[in-house]
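Trainee: Here it is, the structure, as structure tokens.
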Amino acid sequence: MHCRLTAIMAHFLALAILVCPFDVATGDTAYGSHDAWSGQVAQVYGTRVVDLDGAVHRIGTDAGVRPVVLLFMNAFCPVSNRYAPELNDLATLADALGASFYGVMSGPYLTVGEARNFVDDHGFDFPVIFDPSGDLALRLNPVVTPEAFVIDTGDEVIYRGRIDDRFEAIGVLRNQITSHDLKDAIAMVGADDDPLPVSTTPVGCVFEGWDADRLPESVTYNRDIAPLLTANCTECHRDGSVAPFPLDTFVDARRRARMLAFVTREQIMPPWRAVEGFGAFRDERHLSNRQIALLAAWAEAGAPLGDEADALPETVWPDPEWRIGEPDLVLEMEEPFAIPATGPDIYRYFVIPFELFEEHGIRAIEFQPGDESVVHHANLFVDYSGAARREDAKDDIPGFSVFGTGNFFDYSGEQETWGIGGWTPGVDPYVLPDKHAMWLPAGAGDIVFEIHYHLSGKATEDRSRIGLRFADEPVAHWVDGLVIGTQQLAIPPESDTYWRHVRMEVPASIRLIDILPHMHYLGAEARAIATLPDGTQVPLVHVEEWDLRWQNIYTFREPIHLPAGSTIDGWIRFNNTSHNPYNPTLPPKTVTWGWGSDEEMMEFWISFVLDDWRQRDRVINASWNTWSEDPRWDGPVPDLADLNLP
């Protein structure tokens, strides 16, 4: 590289500790300017990444839902190095103002070892992400290093640019800093108001970027594939976790390289059924097109291992016994329940007594089936009325049948019984946002499991259990639940266009926490929207390809506020054709509502927080009104493009 520097320029560059052969540049706008800017969509919020210590992060959701600072750094850039001693203070400030701070090291010629040495030399206290194949860089397109991006919880870049105005331009170092731009941006994103996007001109070394249309010349396990699998797959695909085989070693991944390429190309994995963009959720699981292409290229190249210098440290996962961490309360079925090899599906309640000496707020719930091969799903309840316990005492057989006793709980407030969640295969443990919890009063009560057993052809026993973690800080928001739906189903044979619609009128101000559509094997598609009193519509969830095996509780990235006078609309489509591979009855017959696998349900389970707790009965009663209304729908089912978005 040829350097053309005058003596004066060289003098200033020396002051800046900036010498050849480094490229130093600014952005395209005037040096040191603050520019009005329309902003950009970051497309990084919630992305799973691995840092240089091997730890997995979900950008923006590591510690609740927070704004994000991403700072692109360069181990070989003197400008970047000049700022390094001050970055821990910036990260501390960001944390104090409620934002998460990450460093990012990215470049086609940068090794893990070089990046690791840079981090060790400077003793950074914040996570530094290694971007091995340019996936993050290509989403944000930094121009130089260092360059900062501040991203709000809506995934919008509200600031990009320099750390401060220390460098006026190439080779021009100020004697006194007059503008602390990144600090100001962090303070701005921590404020309650909605800031307008701002950009400043960064000065630093030209970012050695990636070609968006080409993959790296050599795709290897150590550099490209291991971080991708660690971030997105091995939470489940490791020894002791729920998936049927591990993917956390080179040998494990290599023997399935072509299968990995296939299931990601077909979007079978990672298991996430919600349509991207129709609602924003905390635990979204997506691979980018570039990541999918990397897996395909690696398989086609024969799944090479690569250079050991590119290997990240081994990830240390929490104890796989409990994904929520050590529970404060563990409750297990009092004795095993015997399940025969053949026969009809079994729907049964099991009662587990407990006693608390003081009230608690449930912050996280993890249900663990005793035998995953037969536990189809479970619904979870708290009962302080004694109704479930009295029913269970009528015979010596563990639990009691759902049929004949019906649904013993309700939300009317007349009973001391309410739901606290559910479990289906593949679903993550239920973790509420910060300062949110479900009430668990002091005294003697029962946890009740409602378990659906789907017989496997092999006799077995089940002894499921639940772990509860309690809030360790004051609870600001108590979470309740409602169910909207209909039992008026008559799904004709050979129809895949049978829709049902429900609408709930919201009588009091609430904030929605999460939503779970529920159908059985004929379920094909589910959509839900909220309409505010001013006509603005909010997309809640769209599951385009329903799969009973992969039911997720879709937790909104931030609670959705619905003022009194809003409505919640839900639509569900059923496929009762011979071409539905999950159809339990062939040839198809007319299917109505029921608890059995060969019957159907049409429900949306919604967790919410009331602005005024005294309005609870009105809200719950409004949800139950949906069950008595005519569910027919003659209009078109709205898509995202049809909505009146804010």
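The values are calculated or read from the model by the stated rules, or taken from the named source; none is laboratory data. As the structure is a prediction and not an experimental result, all values here were calculated from the model. Neighbour counts are summed over all protein chains in view; Cβ atoms, including those assigned to glycine, are modelled from backbone coordinates with ideal geometry.
Trainee: Here is a list of conditions, (1) modelled with pLDDT of 95 or more; (2) over 30 Å from residue 452 (Cα atoms), and residue 313 meets all of them except one; can you say which number that is?
Mentor: (1)
Trainee: While we're here: Among residues belonging to the stretch 558-579 that are under 29 Å from the mean Cα position of the chain (by Cα) and in a loop (DSSP other than H, G, I, E, B), point out the one that is nearest to residue 542 (Cα to Cα).
Mentor: If we take residues in the stretch 558-579 being under 29 Å from the mean Cα position of the chain (by Cα) and in a loop (DSSP other than H, G, I, E, B), then 575 is nearest to residue 542 (Cα to Cα).
Trainee: Looking for whichever is surrounded by 14 or more Cβ atoms within 10 Å (Cβ to Cβ), acidic (Asp, Glu) and assigned to a helix (DSSP H, G or I) here; the options are 252, 283, 248. Which one fits?
Mentor: Going through 252, 283, 248 in turn, the sole match is 252.
Trainee: Any residue at all in the stretch 236-244 that is loosely packed, with under 14 Cβ neighbours inside 10 Å and over 25 Å from residue 366 (Cα atoms)?
Mentor: No - not one qualifying residue is present in the stretch 236-244.
Trainee: A follow-up question, please. What's the number of the condition residue 305 fails, among (1) in a loop (DSSP other than H, G, I, E, B); (2) modelled with pLDDT under 95?
Mentor: Only one criterion in (1) in a loop (DSSP other than H, G, I, E, B); (2) modelled with pLDDT under 95 is unmet by residue 305, namely (2).
Trainee: Scan the strands (runs of 3 or more DSSP E) fully inside the stretch 119-231 and keep the ones with 3 or more residues being within 29 Å of the chain's Cα centre (by Cα).
Mentor: It comes to 128-131, 147-151, 156-161.
Here is a yes/no grid of residues against (1) of a type in the set (Lys, Arg); (2) modelled with pLDDT under 90; (3) under 19 Å from residue 60 (Cα atoms):
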{"site": "150", "(1), (2), (3)": "no, no, yes"}
{"site": "159", "(1), (2), (3)": "no, no, yes"}
{"site": "181", "(1), (2), (3)": "no, no, no"}
{"site": "191", "(1), (2), (3)": "no, yes, yes"}
{"site": "204", "(1), (2), (3)": "no, no, no"}
{"site": "207", "(1), (2), (3)": "no, no, no"}
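Trainee: Sticking with this one: Restricting the stretch 415-461 to residues that are within 22 Å of residue 324 (Cα to Cα) and acidic (Asp, Glu), which is surrounded by the fewest Cβ atoms within 10 Å (Cβ to Cβ)?
Mentor: 434
Trainee: Here are some conditions: (1) outside any loop (DSSP other than H, G, I, E, B); (2) at pLDDT 80 or above. Residue 418 meets all but one. Which one does it not meet?
Mentor: Result: residue 418 fails condition (2) only.
Trainee: Might you let me know whether the stretch 618-632 holds any residue that is in contact with a helix residue (DSSP H, G or I) (Cβ under 7 Å, 6 or more places away or on another chain) and either outside any helix (DSSP H, G or I) or surrounded by 13 or more Cβ atoms within 10 Å (Cβ to Cβ) (or both)?
Mentor: No, the stretch 618-632 has no match at all.
Trainee: Separate question: Going through the stretch 33-74 one residue at a time, which ones are of a type in the set (Asp, Glu), at pLDDT 90 or above and either outside any loop (DSSP other than H, G, I, E, B) or at positive phi (or both)?
Mentor: Within the stretch 33-74, just 51 meets the criteria.
Trainee: Can you say whether residue 428 is at pLDDT below 85 and either assigned to a loop (DSSP other than H, G, I, E, B) or more than 32 Å from the chain's Cα centre (by Cα) (or both), as far as the supplied structure shows?
Mentor: Here the answer is yes, as residue 428 does meet what is asked.
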